[in-house]
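> Please read through the structure below; I'll follow up with questions.
The values are calculated or read from the model by the stated rules, or taken from the named source; none is laboratory data. Computed from a predicted structure; not experimentally measured. Note that each Cβ is placed from the backbone with ideal geometry, even for glycine, and that neighbours are counted across all protein chains shown. Please note that ligands, DNA and RNA were not included when accessible areas were found on the heavy atoms of the full protein model with its side chains. Shrake-Rupley method; radii C 1.70, N 1.55, O 1.52, S 1.80 Å.
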Amino acid sequence: MVCDQRLVNMSPLFRIPLGILIMVIGFLIVLKTEKVFTWFGEIPFAEAKFGAGGSRFFYKLIGVLVTFIGIFVATNVISDILGSLACTLTHCE
């Protein structure tokens with residue numbers, strides 16, 4: 001089975017605003033961590049691994065990750081990442 005690398009790309013008129021929107025959401029998660037913390041509460045895993053304040057730190061990490069995903073969407077790197085992941089998971093050559 002051969003992996004088809006000719007993926008259909010999103011239109012830049014849709015991809016770039018979507019990427020910017022995702023970046024803004026990630027930035028707001030980092031900026032307004034306390035508000036996110038009041039909405040979702042403590043994360044026991046983060047408190048155990050990172051100590052006191054670990055949930056807030058974990059929310060900031062999630063915000064940074066979301067921001068990077070937005071950058072990947074806006075620059076169309078996400079299609080290469082997802083294409084490679086799909087090819088790896090389906091064992092194509």
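> Rounded to the nearest whole Å², what accessible area per residue is found for the chain with the 1.4 Å probe?
72 Å²
> Once you have the Cα-Cα distance between Ile16 and Leu61, take 0.36 nm times their residue separation minus that, and quote the gain in nm to one decimal.
Here the answer is 13.9 nm.
> A follow-up question, please. Once both axes come from the Cα atoms, what is the angle between helix 77-89 and the longest principal axis of the chain, in degrees from 0 to 90, rounded to 10?
With both axes taken from Cα atoms, the answer is about 80 degrees.
> How many percent of Cα pairs in the chain exceed 21 Å?
Summing the P(r) tail past 21 Å for the chain gives 50 percent.
> What's the local net charge at Glu34, with K and R +1, D and E -1, over the other residues with C-beta under 14 Å away?
Within the 14 Å Cβ shell, the charges total +3.
> Starting from the 7 Å offset along Cα-to-Cβ, what nm value, one decimal, do you get for the label separation of Asp80 and Phe68?
With each label placed 7 Å out from Cα toward Cβ, I get 1.6 nm.
> Mind pulling the angle between the C-alpha long axis of helix 54-74 and the longest principal axis of the chain? Nearest 10 degrees, somewhere in 0 to 90.
Roughly 30 degrees between the two axes.
> OK, next. Which is the longest stretch in the chain that no exposed loop site breaks, taking sites as trypsin sites (Lys or Arg not before Pro) with a DSSP loop state and at most 14 other Cβ atoms within 10 Å?
Counting at most 14 other Cβ atoms within 10 Å as exposed, the longest clean stretch of the chain is 33-93.
> Would you be so kind as to identify which of His91, Leu61, Leu31 lies farthest towards the positive end of the dipole of the chain, taking Lys and Arg as +1 and Asp and Glu as -1 on Cβ and the Cα centre as origin?
Leu31
> Turning to a different aspect of this structure: To the nearest 10 degrees, how steep is helix 12-31 against the longest Cα principal axis of the chain, on a 0 to 90 scale?
20 degrees
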